[in-house]
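Have a look at the structure below, then the notes.
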Amino acid sequence: MLFTDTAFVGINLNSSNKHFIYTLLDKNLNLVALGQGDLGDISALVAGQQMATVAINSPANVSHGLVAEKISITKKAKKTEFRLAEYQLQKHGIKILGTPSDEQKCSSSLRMGFLLYRKLEEMGFKKYTNESPPYQYLETQPHASFCCLAGGVPLSKSTIEGRIQRQLILYEHGVRIKDPMDFFEEITRHKMMKGIWPYELLYTPEQLNALVAAYTAWLVVNKPDQTLSIGNEQEGKIFLPVSELKEKY
């Protein structure tokens, strides 16, 4: 699957089966690929692109203790390690998990993410810079990205309403995916009585997370003034699909 223009790849980790969920958007935000696979499948996917920007929904590095060193935080917060970027999101009301300082203490899904970053670097991928090398990667955070795009904390991703909300947000921002409003057009009294629901018109939470990552990658390359990076180089920066954060979400 080879494209002459930059491919925008979004990757979400699926901790339940140790696979990656991936999406690929082209320069016009068309959904070209959507699937899941292991590290070898992801490597083959990105290796087949002449140019690629890969956005990963996973920390690129462990905590280096910058928050504890430089910021006065509560005893409760000290019980969980946070990278600077994660702490900044917390301060804006975006609740996410922190990243430990010891890789061995990280969850299996986080360790999968570290492995993916290392594999991409072995393949010649570089951290995103304004110089835009042909192969680059960046870190994203799906819950934070949807908070930014929604202007508030979205409904739970585990509910139908939350999935429709996230899919509609992406659709309205120009990502050429299934229109989630078609879900309602397919519902009839007969189908409801039979328990038939058109779930095939909706993406799974993991797929939606991968899609928002790919969309963020597209924005970073094509409309960088509409994006924001927080954190620092030492611990890793998180890129978001918004130019500035609200005070509270």
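No lab work stands behind these numbers, since they all come straight from the coordinates. Here the structure is a predicted model, which is why all the values come from computation and not from measurement. Here the Cβ is made from the backbone with ideal geometry for all residues, glycine too, and neighbour counts use every protein chain on show.
Report the residue, chosen from Glu235, Glu121, Glu200, that carries the largest GNM mean-square fluctuation when the chain is represented by alpha-carbon nodes joined by springs under 10 Å. In the Gaussian network model the winner is Glu200.
Under conditions of 25 °C and 0.890 mPa s, region 115-171 yields 181 µm² s⁻¹ as its translational diffusion coefficient, taking Rh as the Kirkwood radius over Cα pairs in the Stokes-Einstein equation.
In percent, rounded to a whole number, the relative contact order of the chain is 27, using alpha-carbon pairs under 8 Å and six or more apart.
Eigen-decomposition of the gyration tensor built on the alpha-carbon atoms of region 183-249 gives equivalent ellipsoid semi-axes of 38, 12, 12 angstrom, largest listed first. Other residues with beta-carbon under 14 Å from the beta-carbon of Met181 carry, at +1 per Lys or Arg and -1 per Asp or Glu, a net charge of -3. From the P(r) of the chain, can you give the percent of Cα pairs sitting at distances over 25 Å? Percentage above 25 Å: 43.
Dividing the summed -39500 (n - 2.57) terms of all DSSP H runs of n ≥ 4 by the residue count of the chain sets its mean residue ellipticity at 222 nm at -10500 deg cm²/dmol. Among the helices of the chain, those built from whole DSSP H runs whose Cα atoms reach 20 Å or more along their own axis and whose mean Kyte-Doolittle hydropathy is at least -1.0 are 108-122, 205-222. Taking R0 as 35 Å, what's the FRET efficiency between Ser243 and Arg189 from their Cβ-Cβ distance, rounded to 0.05? My answer for the efficiency is 0.15.
Note on Met112, Met123, Met192: ascending count of other Cβ atoms within 10 Å places them as Met192, Met123, Met112, the fewest first. Do any of Lys127/Lys248; Lys27/Lys126; Lys119/Lys237 go past 24 Å between their Cα atoms, and which? Table pairs above 24 Å Cα-Cα are Lys127/Lys248.
Convex hull volume of the C-alpha atoms in region 153-211, normalised per residue: 84 Å³.
Express the relative contact order of region 130-249 as a whole percentage, based on alpha carbon pairs under 8 Å and six or more residues apart in sequence. Answer for region 130-249 is 32 percent.
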